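For reference, the structure discussed in these notes is given below.
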Ligand SMILES: Cc1cc2nc3c(=O)[nH]c(=O)nc-3n(C[C@H](O)[C@H](O)[C@H](O)COP(=O)(O)OP(=O)(O)OC[C@H]3O[C@@H](n4cnc5c(N)ncnc54)[C@H](O)[C@@H]3O)c2cc1C
């Protein structure tokens, strides 16, 4: 009997656990270690931050769902991984042995890289549901005495979509409240141009996003390095133009991501940012029984940008990585060579309040076979429908081939080509 341990139970870890159990059956042991008892649907965080969703709407307890499927659950942070003795040690000292390990720990949010950044300091975040709730509290205070807003993504950031979503949602929400006239909005970003998104653009994302920002009187600065965020004042450096100070009463900045400490500290496992180096089979080249999926893996950007940016890891590809890891582990248990490679495609829906922009990049990295971005009300509706669909599937447990089937079903698309 093989022991498979999965660290993290979110967009990557939870479907991997279901799919692993489905693929391996009762003869093997699947254990999930998660530092949270609750699943949160991360893409809904921007909605929480404007009060369009609550934590309750987008969360559910993980344990009963896993227990129904015969999957063990340890609700504690993994503190250390010993890749030589094949064990994970939790923060309370519990030892969890494994034959195969799947790391799905997402990012560590590197607010500390910029003076004054983050929800403990002078800007808010939507990266976690806790942060999104705090962002909403601050937003409600801001509404009593509105003023300039800065939304953006810091140098080294890789997750640009939610920053765009949030700026459009905020614009829509302020309009509903008849407060938009009192709020100058500025988007600041490390991207070299609007719509780059760490991906050298998708379809005409540059033209589309510029148009949408202009239409809403939202100013922007690209190639931005944030120097510091003081109460009410952001100091930024613009490439070739020197420093500039921008006033704000409310600011949401997506930070740079790194790997979490328990993973980053394993010798030879990660790149300098703490992301797990994996081969085409989601497997560590150094420790062949360690796999990684989702935001925790290292992906080289398609191009060097003047201000550093990273590559986003999005839901569709994360699900595909989970499936690949499962089938490669199953093959390894059977003594076979790994058969499965993840489909690194990006299929994303960016909500804009009452409309939205959909992106398809296949593969995610250029040169691509398919690359388009399109705007329409249907995107907003599809995103709302997908949220409900995904949460329902995550509660009940899904079977393979998980993401491919689910995304295509939810969007009403049967065949992409
Ligand atoms: C605000 C936001 C909106 C997004 N919207 C979209 C979208 O609309 N579409 C899309 O395709 N992508 C979207 N993404 C990108 C991506 O799909 C998500 O970030 C996704 O949640 C990443 O999944 P993950 O499992 O890799 O990491 P995470 O979701 O971050 O999950 C990692 C899990 O591991 C846990 N963990 C961390 N360290 C430990 C430890 N030491 N021990 C145990 N557990 C640990 C964490 O608490 C967390 O539960 C969005 C990202 C963000 C931040």
Self-check item: Inter-label distance, nm, simple model (7 Å from Cα along the C-beta direction), residue 374/residue 82
Solution: 5.5 nm
Practice problem: Give the shape of the stretch 54-129 as rounded, prolate or oblate, defined through the alpha-carbon gyration tensor: a ≥ b ≥ c are the square roots of its eigenvalues, a/c under 1.5 means rounded, and otherwise the shape is prolate if a/b is larger than b/c and oblate if not. | Solution: oblate
Exercise. Just subtract the alpha-carbon distance of residue 130 and residue 239 from 0.36 nm times their residue separation and send over the number in nm, one decimal.
Key: 35.9 nm
Quiz item: Rounded, prolate or oblate: which fits the stretch 111-256, taking a ≥ b ≥ c as square roots of the Cα gyration tensor eigenvalues, rounded meaning a/c under 1.5, else prolate when a/b beats b/c?
Solution: rounded
Quiz item: Can you give the helix-only mean residue ellipticity at 222 nm for the chain, where every DSSP H stretch with n ≥ 4 adds -39500 (n - 2.57) and the sum goes over all residues, rounded to the nearest 500 deg cm²/dmol?
Solution: -9000 deg cm²/dmol
Exercise. Rounded, prolate or oblate: pick one for the chain, where a ≥ b ≥ c are the square roots of the eigenvalues of its C-alpha gyration tensor, a/c under 1.5 means rounded, and failing that, prolate if a/b is larger than b/c, else oblate.
Key: prolate
Quiz prompt | Hypothetical label at residue 141: residues of the stretch 20-61 whose amide nitrogen lies under 18 Å (7 Å Cα-Cβ projection) | solution = 49-51
Practice problem: Counting only C-alpha contacts under 8 Å and six or more residues apart, can you give the relative contact order of the stretch 111-256 as a whole percent? | Solution: 35 percent
Self-check item: Distance between the stretch 98-145 and the stretch 1-74 - C-alpha centres, whole angstrom
Solution: 20 Å
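If we count other beta carbons within 10 Å of each Cβ, what is the order of 296, 67, 205, 59, fewest first?
Details: 296 30, 67 11, 205 25, 59 19.
Exposure proxy ranking, most exposed first: 67, 59, 205, 296.
Bear in mind that the values in this text are calculations on the coordinates, not laboratory data. Treat the numbers as computed from the prediction; the structure is a model and nothing was measured. Here the Cβ is made from the backbone with ideal geometry for all residues, glycine too, and neighbour counts use every protein chain on show.
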